[in-house]
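Everything on this sheet refers to the single structure shown next.
The values are calculated or read from the model by the stated rules, or taken from the named source; none is laboratory data. Computed from a predicted structure; not experimentally measured. Positions of Cβ are backbone-derived with ideal geometry, glycine not excepted, and every protein chain shown enters the neighbour counts. Only protein heavy atoms, including side chains, enter the accessible area calculation; ligands, DNA and RNA are left aside. Shrake-Rupley method; radii C 1.70, N 1.55, O 1.52, S 1.80 Å.
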Amino acid sequence: MTERLTRAQQRERTVQRLLDSAEELFAERGIHQTSLDQIAAAAGLTKGAVYANFGGKKDLIAALLQRKLDDDEPVPERPSLRSWIDTLADSYESNVPRPETRRFAMAFVELWLFGMRDEGHRGALRDWLRAVREHHAREVRALGDDLPLPAAETAALLMALDIGIGLQFMTDPEAVPAHTYTRGVEALLGVRRAGGSVPR
């Protein structure tokens, strides 16, 4: 039987197709070299579908970033420090080798450069970075007060580890394996491993 979708479901499917196309083309060609016509064509849609769901490239970029933020996995409200680190580590180490993670990372570098070069488009990138830091900061605050650094600084450093280790892993995985992220989080939070020492 043919699947029958509601209007809202059809619109959501269209939005996701456009975002998938934009992410892939931004990663492959760069933002400036990718037109809305090309994004629509890659999604099997018309340019009108882009404007029906987004105001233009700026809104498309903001939606792409928001989708990644919405994909973050929830954590328990009051996790132990060890269980929280293990959850971060399992998620990071299992996801960073995936092709779709690499695709987003390449698109993200393009989005970063786009925002850095063009002040008019910097707001979406800045807002997204702030939202990710605040997401991490809320999780850190839930761990309690006995941590080496304030929650906001810890969140900024967690993001630096996430992005920095990820880009190095994708370029040189033998020299920078995925578990380097876990070791960095443990060192940042002053957590000692089973052997009794802070990871080096």
**Q.** Alpha carbon convex hull of the range 75-182, projected area averaged over orientations, nm²
**A.** 7.4 nm²
Q. For the chain, with the dipole built from +1 on Lys and Arg beta-carbon atoms and -1 on Asp and Glu ones, taken about the Cα centre, which of GLY164, ILE61, TRP128 lies farthest toward the positive end?
A. ILE61
(Q) About the Cα centre, and with charges only on the beta carbon of Lys, Arg (+1) and Asp, Glu (-1), how big is the dipole of the range 8-97? Nearest 20 debye, please. (A) 460 debye
Q | log₁₀ of I(q)/I(0) at q = 0.10, 0.16 Å⁻¹ - the range 1-111, Debye sum with one point per alpha carbon | A | -0.39, -0.81
Q) Could you give P(r) for the range 103-161, binned at 5 Å from zero, as whole percent values over all Cα-Cα pairs? A) 4, 18, 21, 20, 15, 11, 7, 3, 0
Q: Could you tell me how many degrees, from 0 to 90 and to the nearest 10, lie between the Cα long axis of helix 179-188 and the main elongation axis, the longest principal axis, of the Cα atoms of the chain?
A: 60 degrees
Q.
Helix-only estimate, please: 222 nm mean residue ellipticity of the chain, summing -39500 (n - 2.57) across DSSP H runs of length 4 or more and dividing by its residues, to the nearest 500.
A. -22500 deg cm²/dmol
Q. Can you pull the percent of the chain's accessible area that's carbon plus sulfur, 1.4 Å probe, other chains left in place?
A. 50 percent
Q. To the nearest 10 degrees, how steeply does helix 122-142 sit against the main Cα axis of the chain, on a 0 to 90 scale?
A. 40 degrees
Q: Would you kindly find the accessible area of HIS121, with a 1.4 Å probe and non-protein molecules such as ligands, DNA and RNA excluded, rounding to the nearest 10 Å²?
A: 50 Å²
(Q) Please list 3J(HN,Hα) in residue order for the range 94-108, calculated via the Karplus relation 6.51 cos²θ - 1.76 cosθ + 1.60 where θ = phi - 60°; whole Hz, with x for glycine and proline. (A) 7, 8, 4, x, 6, x, 5, 5, 4, 4, 5, 4, 5, 5, 5
Q.
Please check: in the Gaussian network model of the chain (C-alpha springs, under 10 Å), which one of PRO177, PRO79, PRO99 has the largest mean-square fluctuation.
A. PRO99
Q. Using the beta-carbon distance between VAL191 and LYS68 and R0 = 30 Å, what value does 1/(1 + (r/R0)^6) give for FRET efficiency, to the nearest 0.05?
A. 0.65
Q | Percent of Cα-Cα distances greater than 12 Å, calculated over the range 79-132 | A | 72 percent
Q) Roughly how many Å² is the accessible area per residue of the range 77-174, as a whole number, for a 1.4 Å probe? A) 58 Å²
Q. Where the eigenvalues come from the Cα gyration tensor of the chain, what are the semi-axes √(5λ) of the equivalent ellipsoid, largest first, in whole Å?
A. 35, 18, 17
Q. Using 7 Å Cα-to-Cβ label points, what is the ARG13/LEU167 separation (nm, one decimal)?
A. 3.8 nm
